[in-house]
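What follows draws every value from the coordinates through simple rules; no lab data is involved. From a predicted model like this one, the values you see are computed outputs, not experimental measurements. Cβ atoms come from the backbone with ideal geometry, glycine included; neighbour counts cover every protein chain shown.
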Amino acid sequence: MNYQTTVSTDEDVNKHHDIEKTNVFDQKPTAAFVSASWITLLVGMVSYCIGLWNANMLLNEKGYYFTLLLFGLFSVISVQKAVRDRIEHIPVTDIYYSISWFSTLTSIVLLIVGLWNADLELSEKGFYALAFLLSLFSAIAVQKNTRDIQYIDRYLEPK
């Protein structure tokens, strides 16, 4: 019988550890991308709110859509934070991660249900949906840029 054994040496462990180190993110987002992210977030939120302000609907309906915007923004920022924390090996509980995703999907579903049942023109419904999604996507980009800059400033700048 030919028994073969393998022995893990410190060199093998260090080689694996060095591979992990090469995955370090070391470039800050450009000023143009950071600015574009903030501008699109403001454009999405402001246009959504101006649309609500000028809408011919009851105040409780306006409150519903405004609350959905706030809920959606908070939810996507929570998802981005949880995903990024896991990438950076910062402990995130599975329940928080799941709730973040659930609340994000819930905000989108609630917007769809609200718009589906709303007494609005199809173009108005499309406007609210696009402004909402633009705001959510931009919030993710702003949060990502903020985390990228913070990470680089903390770990890669000379001390």
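Observations, loosely collected:
- Its Cα gyration tensor gives segment 115-159 an equivalent ellipsoid, and the semi-axes of that ellipsoid, as √(5λ) in whole Å with the largest first, are 40, 6, 4.
- Computed from label points 7 Å out along Cα-Cβ, the spacing between I87 and I152 is 1.3 nm.
- Placing R0 at 22 angstrom, the Cβ-Cβ distance between N56 and V109 gives a FRET efficiency of 0.30 after rounding to 0.05.
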